[in-house]
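What follows draws every value from the coordinates through simple rules; no lab data is involved. It should be emphasised that the depicted structure is a prediction, and the values quoted were computed from it without experimental measurement. Using ideal geometry, Cβ is built from the backbone for each residue, glycine included, and neighbour counts are taken over all protein chains shown.
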Amino acid sequence: MDNYLLELVRLQKSGRPVGIYSACTANRHVIKAVMQRAAAAGQPALIEATANQVDQNGGYTGMTPEMFVRYVEEIAAEMNFPMDSVILGGDHLGPLTRSNQPESEAMLFSEELVRQFVAAGFTKIHLDTSMRVQDDDMSVPLDDATIARRGARLCAVAEAAFKARQQVHPEAAQPVYIIGSEVPIPGGAQEHEEGINVTRPADCQKTLAAFEQAYMANGLEDAWTRVIGLVVQPGVEFGDSDVFVYDRTKAAELTESLKDWPQGVFEGHSTDYQPKEALRAMVEDGIAILKVGPALTFGLREALFSLEMMEKELYFGKSCHFSNFQEVFEQAMLDQPKNWQKHYHGDAWDLHFARKFSYSDRARYYLPDTKVDESINILIKNINEAKIPLTLLSQYMPMQYQSVRAGRITPSAESLIQDRIGNYIDDYLYAVDPDIT
């Protein structure tokens, strides 16, 4: 996988509309599903950790970059998936979680963040310095020159970290970089929006020019040749209950401008819940890297809800230590509202509904909770100890019913979960290369 992304860009530029999707997740079930589908499709697995999930202090997952690598390696061994088919990415690396600090402090934190990601073996590095920090003027947008200056500073740290890593791992692949100042909010919009403004080609040109100048000024000529992607807003987004679907006609000027940038492609964030045809159109138009995260844990949540419904039927009238998954899940969200209360709006019913079914899937932050995790393990155990009648499976997981009947999967809880998540992954596999599905 050393040069896979560089080769992908070369193919795109030669006229072959291929791409790759990036699973932004730290969830074990999701990573398993990603690897299972990748193995079946003969594709690499691009797995990314965001700056709020994983950092030098552990992030909200409790993992440092090195710990995350070990975690993925452990899952790969369990799935018998070769690590040389895994590409690890760092997403939104910069002062994302330190915007309340002055530049001097926020950038020192960001430098160490980037250093640890590269030192641990992450090779797709999204340098995101698009957010304002404490001593920036909050009344005006952050200018390209400032964003690029900070981005080049982080790139210099990444390059030094790679050279140090190469001393121990001579075979290590050089990092490739994603840049861009027009970055959608990680995890989707916080509120309903009337429309999404597509990035203007002129803004792309200004961003690229500013970054190239900053890289050259910092002696990063070689690193600049490995800048393979620019984050843009092509008109896709999702929020609590809305999905803005890609319209290639509205994005035509933007995607046409890629012809003026011979070395890179566009990266699309917040592509969750797009129809597979829209995802395919994005790849065809040069938005060759598709980021997805919440949709995958949305699929996991759907699977767990369905399994609990079957658990209740399977053990009706019997002595059983029920998982009570939805009840435990809801209580965890009520006890710790900070991860959803800024995203969900309305009366008590609206909030209750959103906590369960919102596209923004803030519920994913509660899956690692000790009580929630214990409840999931009880649910899986109960399902696996019972034999699920096909008629029951058809009722609550009809797509998995078809997979079981066709012999593609077994009716174990783990297989059903992975296959449900896989339904969302299949849209991306179709998009990046329809010949493989």
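See the values below:
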| quantity | calculated |
| --- | --- |
| All Cα pairs of the stretch 297-436, percent lying beyond 21 Å | 48 |
| Under 15 Å, Cβ to Cβ, from Q56 - net charge with Lys/Arg +1 and Asp/Glu -1 | -3 |
| Eligible lysines near K276 by straight Cα distance, threshold 20 Å, same-chain separation 8 or greater | K250, K291 |
| Candidates A295, A148, A40: whichever shows maximal mean-square fluctuation once the chain is modelled as a Gaussian network with Cα springs under 10 Å | A40 |
| Residue order, fewest to most surrounding Cβ atoms within 10 angstrom, among T146, T199, T225 | T225, T146, T199 |
| Gaussian network model of the chain, springs between alpha carbon atoms under 10 Å - residue of F329, F122, F266 with greatest fluctuation | F329 |
| Built amide H within the under 5 Å cut-off of Y21, gap 5+ | L290 |
| GNM top mover of M333, M107, M399 - the chain, alpha-carbon springs below 10 Å | M399 |
| Reachable lysines from K338, criterion Cα separation under 20 angstrom, eight or more residues apart if same chain | K356, K371 |
| Computed [θ] at 222 nm, helices only, for the chain once each DSSP H run of length n ≥ 4 contributes -39500 (n - 2.57) | -15500 deg cm²/dmol |
| Whole-angstrom Cα spans of the chain along principal axes, big to small | 73, 49, 45 |
| Span-like helix ranges in the chain, DSSP H, alpha carbon extent 27 angstrom or more, Kyte mean at least -0.5 | 144-168, 294-314, 413-432 |
| Separation of alpha-carbon centers, the stretch 384-437 and the stretch 126-147, rounded to whole Å | 44 |
| For the chain, the longest site-free run once GluC sites (Glu not before Pro) in DSSP loop states with at most 16 other Cβ atoms within 10 Å are removed | 195-437 |
